[in-house]
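There's a structure below that I have some questions on.
The values are calculated or read from the model by the stated rules, or taken from the named source; none is laboratory data. These numbers come from a predicted model, not from an experiment. Virtual Cβ from ideal backbone geometry, glycine too; neighbours counted across all protein chains shown. Ligands, DNA and RNA are stripped out before the accessible areas are found, and what is left, the full protein with its side chains, is counted by its heavy atoms. Shrake-Rupley method; radii C 1.70, N 1.55, O 1.52, S 1.80 Å.
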Amino acid sequence: MTPEHGNGRTLRARDPVAADHLAGAPEQAATPVPSVPAGWDRSADLTKPPATIPDPAQVEVPEDLRREIEEHMAKYPDRRSAALPALAAAQRVHGWCSPEAIAQVAAVMRVTPAYLSSVVTFYDMLNSEPVGRHYVYVCTSVSCHLRNAQALADAMKAALEPGDDINVREFECLGACDMAPMCDVDGRYIGPVDPSEAPDVIAAVREGRTPLPGRGLGDDGFHLPWEQES
Amino acid sequence: MADQTRVLLDDIDEPGLHTIEVYERLGGYQALRKALTTMEPDEIVAELQASGLRGRGGAGFSMGQKASFMPKGTMDKYLCCNADESEPGTFKDRLLMQKNPHRLIEGIVIAAVAAGANRAFIYIRGEYVLQADILNAAVAEARARGYVGANILGSGHDVDLVVHRGAGAYICGEETALLDSLEGKRGNPRLKPPFPANQGLFRGPTLINNVETLSNVPIVIAKGAEWFKQRGTEKSTGTKVVSVSGNVQRPGNYEIELGIPAREIVYGLAGGPPPGRKVKCWFPGGSSAPVLLEEDLDRPYSFESMAEAGSMLGSGAIIVVDDSVPIVSLALRVARFYRHESCGKCVPCREGTNWTVKMLERIDRGEATPMDIEILDQVQQNIMGNCLCVLGDSMAMPVRSMIAKFKDEFIAHNERAREAADRLAVGAGLSSEPVDAAA
Ligand SMILES: Cc1cc2nc3c(=O)[nH]c(=O)nc-3n(C[C@H](O)[C@H](O)[C@H](O)COP(=O)(O)O)c2cc1C
Ligand code: FES
């Protein structure tokens, strides 16, 4: 059985060992263990030679992406500082930090793919699996937890439909505890959000609309319900 | 309603404050002009030291003193503005960057000149997309006017400034993890010493300060240390933007003079808990501060008074917890945060946060023995002081304080959960012997 991700896409087994492991895995392998990164129980193929810095002539990189990565590299005394912005840019193009995306960044930055993988797996906003092009981070951290955030997170997950290209996940404090319970939709903070509004938010993301117009931080006239309009 | 003392937030409601035209119209960049044309770098450092300005990012170390640790001499030196703001409960830097980015930039350039740094970075958490866009636009404006870049205002000082976006990791707010992350690596903390002032970013001397700390710098320089010191207490000078959240009626950022009673902030400004509810406990400085009780609200809100109470002012984030919240669920929620965010480099933190969560889950399910609560406390003691950074301590301190102050509730919670589980087991026919069959 091949485990499937929430959005219906099939997980890619990147090496034979993992493929075996996944093929033989019992049903519960598909159940995500909370707080454990996906792929933690997949072993590496130790017989494979390590990947070296890709030959720039062999890797095709979209022109815009190459230019963006090179611009980032130019800003720092050491080009490796561009790893985070470069990977973020590649993720925007590819939807996730796929082996292809990593190879492209590695070719432009002249670093090994392994180095970039080590970076990708450390940071919550970089996806080492194809979890969805859009994201809804629902904060369930301390202050939001005190204001019923779990119900909001559950409602968001329940509102997902098969085929949705949306990564709904619980997130730690997003620095907007005044808006609790809140969520971050593709970089736009909205809150406070009632669990009953979750289907509307998910539908908006699905249809490419702005969720809850006027209720996003930075929207014209945005203010919290208990603040006076300025 | 109690009053705020607005210094940092004085013009915060001014439309268009984030643009350089409005900021300059309100007197912006005059402090930079003053610093560059009338003061030597040493004098700037001395003024900052005299002001008593303490770091607003967590540790509360004297800003001027830290700047004075930077070695002299010509070499590449760096300034990093810590805008990672990820401590649960903290959202003040978000407001300062979004509404008044130029004051931060002005502060960064003045501090960089004082410390002899020629390159500056703002490390902003990746989730703050809006604020990073605003900062980038503001830096471009400041560069166009000659406030950032080479030979600033003809003074001969160069300060380059780059906004660097993180990608979601609380640990990158820890100063040495921030440096590794900025060098393009996983954000693992480094061994100290060497301290960043000696060997930091790209192995060069580096000054690291929080957004709010640096935003105070233009005020100190423009108005002078004496003026600055008139607000606050002797050991906690100036004002503080306090983020109040949790079970209060008006969560938000409030700027107060350091040293006013905490009750005025929690009740006067933030409206206190919902009607009919009481304060059960509160975190005075983000989720890593030991919790205090209702009666502690009468203490002055200052660095020294929070330390005296056995807690800390930290990032200045007050999280209020009302009496409807079970303490075990709060402890569990806090512990899960640190388990998720531990970078995994040091064993006591990586394993300690994990086992703390597991033991708290056991208490929550009623599966703990009385000894477990003692063990839980021991685990906390074994984390503290035994790691490269204090992320593990940041869980151990609040969890320990909850065990110390609400021990009976932990025990009662476990008992009740056990009884409920037993009843369920009988109801489902899972118990081994029906009661009357044994009789
Ligand atoms: C785990 C951890 C997380 C931290 N997160 C932040 C943060 O998000 N923002 C911040 O300014 N300081 C943070 N700090 C404190 C920094 O290490 C450092 O003390 C601070 O940036 C220094 O600036 P200041 O002197 O202006 O306060 C954190 C510390 C630790 C141990
Ligand atoms: S706890 Fe949810 S934004 Fe801070």
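Scanning segment B:217-239 for residues that are of a type in the set (Lys, Arg) and under 22 Å from residue B:27 (Cβ atoms), which turns out least open to solvent (accessible area, probe 1.4 Å)?
Once the filter is applied, the top-ranked residue is B:231.
Enumerate the pairs (first residue in segment B:187-198 and more than 26 Å from residue A:115 (Cα to Cα); second residue anywhere and open to solvent by 90 Å² or more (accessible area, probe 1.4 Å) and in a loop (DSSP other than H, G, I, E, B)) with beta-carbon separation below 7 Å, excluding pairs fewer than 6 apart on the same chain, so at least 6 apart or on different chains.
That search, which allows pairs on different chains as well, returns B:197/B:69.
Oh, and also: Within segment B:371-419, track down each residue that is in a helix (DSSP H, G or I), farther than 15 Å from residue B:291 by Cα, open to solvent by 70 Å² or more (accessible area, probe 1.4 Å) and not charged (D, E, K, R).
B:371, B:378, B:381, B:382, B:411
Here is a list: B:265, B:256, B:260, B:319. Which entry is modelled with pLDDT of 95 or more and farther than 25 Å from residue B:62 by Cβ?
Working: B:265 fails: farther than 25 Å from residue B:62 by Cβ; B:256 fails: farther than 25 Å from residue B:62 by Cβ; B:260 fails: farther than 25 Å from residue B:62 by Cβ.
Answer to the selection: B:319.
Check segment B:26-36 and report whether any residue there is more than 16 Å from the chain's Cα centre (by Cα), of a type in the set (Ser, Thr, Tyr) and away from chain A (no Cβ under 14 Å). Spell out how you get there, then give the answer.
As a first pass, look at segment B:26-36 and keep what is more than 16 Å from the chain's Cα centre (by Cα): B:26-36.
With of a type in the set (Ser, Thr, Tyr) added as a condition, the list becomes B:29.
If we keep only those that are away from chain A (no Cβ under 14 Å) too, we end up with B:29.
Scanning segment B:26-36, I find at least one residue that is more than 16 Å from the chain's Cα centre (by Cα), of a type in the set (Ser, Thr, Tyr) and away from chain A (no Cβ under 14 Å), so the answer is yes.
Return the pairs, sorted by first residue and then second, in which the second residue is of a type in the set (D, E, K, R), the first residue lies in segment B:274-289 and is in contact (Cβ under 8 Å) with a residue 60 or more places away in the chain, the beta carbons are less than 8 Å apart, and the residues are 6+ apart or on different chains.
Note: pairs meeting the criteria are B:281/B:294; B:281/B:405; B:286/B:87; B:287/B:87; B:288/B:87; B:288/B:393.
I want to confirm something. Restricting to segment B:199-216 and keeping residues that are in contact (Cβ under 8 Å) with a residue 24 or more places away in the chain and more than 16 Å from ligand 1 (Cβ to nearest atom), which single residue is most open to solvent (accessible area, probe 1.4 Å)? Break it down stepwise before answering.
Residues of segment B:199-216 in contact (Cβ under 8 Å) with a residue 24 or more places away in the chain: B:200-202, B:204-216.
Going one step further and asking which of them are more than 16 Å from ligand 1 (Cβ to nearest atom), we end up with B:202, B:204.
Details: B:202: 46, B:204: 7 Å².
Among them, the one singled out is B:202.
Moving on. Give the residues of segment A:116-145 that are charged (D, E, K, R) and more than 9 Å from chain B (Cβ to nearest Cβ), sorted by residue number. Lay out the reasoning, then the answer.
Just the residues of segment A:116-145 that are charged (D, E, K, R), to begin with: A:124, A:129, A:133.
Within segment A:116-145, A:129, A:133 meet the criteria.
Conditions first: (1) aliphatic (A, V, I, L, M); (2) within 12 Å of chain B (Cβ to nearest Cβ); (3) surrounded by fewer than 19 Cβ atoms within 10 Å (Cβ to Cβ). Residue A:151 passes all but one, so which condition is the exception?
It is condition (2) that residue A:151 fails.
Conditions first: (1) more than 10 Å from every other protein chain (Cβ to nearest Cβ); (2) part of a helix (DSSP H, G or I). Residue B:133 passes all but one, so which condition is the exception?
Every condition holds for residue B:133 apart from (1).
Oh, and also: Restricting to segment B:43-72, name every residue that is free of Cβ contacts under 8 Å to residues at least 12 places away in the same chain and out of contact with any strand residue (DSSP E or B) (no Cβ under 9 Å at 6 or more places or on another chain).
Of everything in segment B:43-72, those that are free of Cβ contacts under 8 Å to residues at least 12 places away in the same chain and out of contact with any strand residue (DSSP E or B) (no Cβ under 9 Å at 6 or more places or on another chain) turn out to be B:43, B:59.
So which residues in segment A:173-230 are in contact with a strand residue (DSSP E or B) (Cβ under 9 Å, 6 or more places away or on another chain), open to solvent by 40 Å² or more (accessible area, probe 1.4 Å) and among the hydroxyl-bearing types (Ser, Thr, Tyr)?
Selection gives A:210 alone.
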